[in-house]
Every structure is written in structure tokens, then in C-alpha cells.
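Only one structure is covered here, and it is reproduced in the block below.
The values are calculated or read from the model by the stated rules, or taken from the named source; none is laboratory data. Being a predicted model, the structure only gives us computed values, none of them experimental. Using ideal geometry, Cβ is built from the backbone for each residue, glycine included, and neighbour counts are taken over all protein chains shown.
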Amino acid sequence: MNKSLTISRVIPAPLGVVEAYLASPGGLLRLMQSQNIRRLPPRGSTLAQQFQLDQVTFDQMPHDAMGLPDPLPGPGTKATLARVTLSEGLASPREVALARRRLTRLAHDCQRLHEFALPPKKIVITGAAGLIGSALLPMLVAAGHQVTRLVRGGGGRASELPVQQAMWQPQGQGAGALDPSVLDGADVVIHLAGEPVGGARWTKARLAAIRDSRVESTKLLARAMTQVKTPPKLLLCASGIHAYGDRGDEELTERSDIGSGYLAEVVRDWEAAAQPVRDAGVRVANIRWGLVLSRQGGALREMLPLFRVGLGAIPAPGSQWWPWVSLDDAIAQALCVLAREELSGPINGVAPQSATAAEFCRALARTVDRPLLARVPRWMLAAVFGGQEEAICTSTRAVPEALRGAGFSWEHQTLGEALGWALGEAS
């Protein structure tokens, strides 16, 4: 008989939160996403079967006895201890690493759900299939919220999660199509839709699509929200950290002025498009996210192929500041805004430790264990990326002042931690 190997992890959340998370398809999908699997496991299988483990058990322990800080309130409050049992003779180092990674995701997600707990809300979300939306949507489901996705055109592939769908058309043929009744009585609208900034050369058509997909869609939502009898109480709208423009080494808080340049002007118009909602007394929060680190999308996915074959390089001058945030922290920042009513207006959705382009590229090269080439001059970036060099070479040293003031804590505080989690299989 093979010996057993047991892996344990303390979860700073009550057992009830853990049980609700695991009973929800949203929680299970989040665990699958920790392995970069985007689909739910077969229905009816146990947690151990889903992850090919011998056994998964959970016990309650007094959190104060374990030295855990708040957000678990009160002496004697129970936290959860998770144990995963694997057959030592069958468990490879990779299987052990994956089990640890799943427990890490379980612990962090349940801590966030406990920290930012809310009564069930009616939430309408756009961009649920995007990088941030595809991770936030299952968390909202796991939290017990009633979610409606706004989808365009044919609607795409139906969600595996128990959410409703409604049609809208913010731009293109049939632009302006949105039944305001979809928003009537909703508590929150989360607006994440927008054409990706990267991935293609910045032609005139591309620039127009980047702007209109953000500005016109926000105008459409704002107009609909002001037309309903019972408007939502919060519009949480994605935004961009390039709002500040190219500012060198200046530390930029939410109180800093909007800068200049194409992306800064897009952000200015994007955030201004929600003004009718503000005027109606609705809380509006614009999370100005930095580079969201995930192998599933964004700038990191575009950089990885070159870095993995040893062709990564530092874009000149290398001293420009690249604000970043891990995907899990970006999701937690959205949950924080939902739960903290004092958060409104612009919010810098970045990590507390900034990095220059040179530091970022060196850290990425270390993470994939490949050499790093010399700097690439701006003229070469312009020839290859056709306009995107503005985003690549802009220096934005953003500081998350609003989130710090709200007591937000980061899961990944250093760039090395964030890249290791985003690209690795281990926790």
C-alpha cells in the first residue's frame, strides 16, 4: 500500500465561506482557472475526483490561536484548515505543485469573499468574456450575487455559470441598442467592455475602435441608467492608468491631473462619459488598472513568446515606469470597490511597488529562465508596433493612494511574486 502525502493550508475565512465557495460553480471554475483551465469539471464529481486527489478535508480552528489578523472578527472566530491527501507513490512533483496552487487559490479567494462580504446583489456586467471579466464573473457567482451579462451580436458561447444574458449593441451596426429595463432595479453595473489596446497596429480604424468601444459604450450605459425608475447605486467602470500621460518619475495619485497623448485623451473622454450618472447621484468608480499580469491575455501574453525563446528585450529608454497588478489583485480591487462605499471617482488599480520597463523585462526573463537582449530603440518599436510605442514608452509612476486608504491588502506585492504566480504551476 502506498504511503500518503498530506498538504495543508490555513484559510483565513470561516468554514461556511469555504463550503459555499466549493458548492458554487463559480468557485469551482476559479479553481480550474488556477490551472489555466477555462471550463468547469463534470457535474456530480467530488472535489477530490475533480482534482485527482485521494481526499480533501476541512476543519475549523480558532483563528486567534493561529495568529491570524483580521478580517476574521472577534476572539474565537473559526478559520478553516484545508488538507489535501495524495498517494505518495503516484504524486509527481508537478501534481504536488498543482495541489498547492489550488489550495493557494482557495485560501486567497475565500479570504477575499469574507473580507468583502455583501448581501446578494443584482449585478449587470459587460466584458465578462475579457481578461478581467472572465475571472471576476465566477467570483461574483461564488459570492452569491445574481448576475446578468450584457452580450453583443450573436451573444457568443453561453456561459457555463448560472447567469442571465441580455443583448446590447454599443457600437457598429445597430449601435445604441439596450433595453433600459435590464438595468432597472439592479444594484450594480460593472462595465469592463473595450477593444484591446494591444494585439494589432494602431491604424486610424483601430484607434477609432479603441476609443469608441469605451466612450460610446459608457455613454449608452449612462443614458440607460438615467432612464429607469430604480437606477443602480453603483457604476464600476474600467479605466486605464495611461490617464496621466508621460510623466517621468513623478509619483501620480488619483488627485493628479489627466495628462496628454492619445491614451490619456481616451481615458478622459471615457470617464467623462459617465457624468450623467454622477449628476443623478449614483456612485461612480473608475478603476485605472495598470498592466494586468496573466498568461491568458493582456501585455504579458503578447510578450511571452519572444521571452520564452530568449528574444526578450528592454524597450528604450528602459527607465519608463510600468504600473502593474496581478489578475487576482485586480479582481479583489473590484470586489473592494463593491464593498467600500467610500471609494468613488478614479482609483489607481496598481500594485504598491512600481517597476521600470527594464526591471519588468529583467524579472520576466528571470521567471522564464531565458537571457535578455539589449534595448530596442523607439524607432524600431514604431516600425514593428505601428503606434503602440506610445503605450510602451510612456512613463507612469502611479501610486494606489485610494486603495491604501481603504485598507486594501495585496496578494502579490512584488513583481517577482506576481510573475511567478501568473506563469508558474506552483504557488
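Is region 369-381 home to any residue that is touching a residue at least 24 places away in the same chain (Cβ under 8 Å) and touching a Leu at 6+ places or on another chain (Cβ under 7 Å)?
Checked against the condition, which is being touching a residue at least 24 places away in the same chain (Cβ under 8 Å) and touching a Leu at 6+ places or on another chain (Cβ under 7 Å), region 369-381 yields at least one hit.
Show me the helices (runs of 4 or more DSSP H) found entirely inside region 311-427 where at least 2 residues are more than 16 Å from the chain's Cα centre (by Cα).
Qualifying helices (runs of 4 or more DSSP H): 357-368, 378-385, 389-393, 401-405, 415-423.
If I go through region 366-390 residue by residue, how many of them are of a type in the set (Gly, Ala, Ser) and touching a helix residue (DSSP H, G or I) at 6+ places or on another chain (Cβ under 6 Å)?
Residues in region 366-390 being of a type in the set (Gly, Ala, Ser) and touching a helix residue (DSSP H, G or I) at 6+ places or on another chain (Cβ under 6 Å): 1 in total.
Looking at ARG397, is it modelled with pLDDT of 95 or more and exposed (fewer than 15 other Cβ atoms within 10 Å of the Cβ)?
Answer is no for this residue.
Could you check region 180-196 and list, in sequence order, the residues that are out of contact with any Gly (no Cβ under 9 Å at 6 or more places or on another chain) and either touching a residue at least 40 places away in the same chain (Cβ under 8 Å) or not assigned by TED's automatic domain parsing to the domain that holds LEU343 (or both)?
If the condition is that a residue be out of contact with any Gly (no Cβ under 9 Å at 6 or more places or on another chain) and either touching a residue at least 40 places away in the same chain (Cβ under 8 Å) or not assigned by TED's automatic domain parsing to the domain that holds LEU343 (or both), then PRO180, SER181, VAL182, LEU183, ASP184, GLY185, ALA186, ASP187, VAL188, VAL189 are the ones that fit.
Of all residues in region 124-178, how many are modelled with pLDDT under 95 and at positive phi?
6
Give LEU419, LEU381, LEU335, LEU343 a once-over and let me know the one that is within 20 Å of VAL197 (Cα to Cα), buried (at least 18 other Cβ atoms within 10 Å of the Cβ) and not hydroxyl-bearing (Ser, Thr, Tyr).
Just one listed residue meets the conditions, LEU381.
With the requirement that a residue be acidic (Asp, Glu) and either closer than 14 Å to GLN388 by Cβ or at pLDDT below 95 (or both), what does region 179-211 give you?
ASP179, GLU195
Hey, any hits in region 55-71 for a residue that's hydroxyl-bearing (Ser, Thr, Tyr) and modelled with pLDDT under 80?
No, the conditions are met nowhere in region 55-71.
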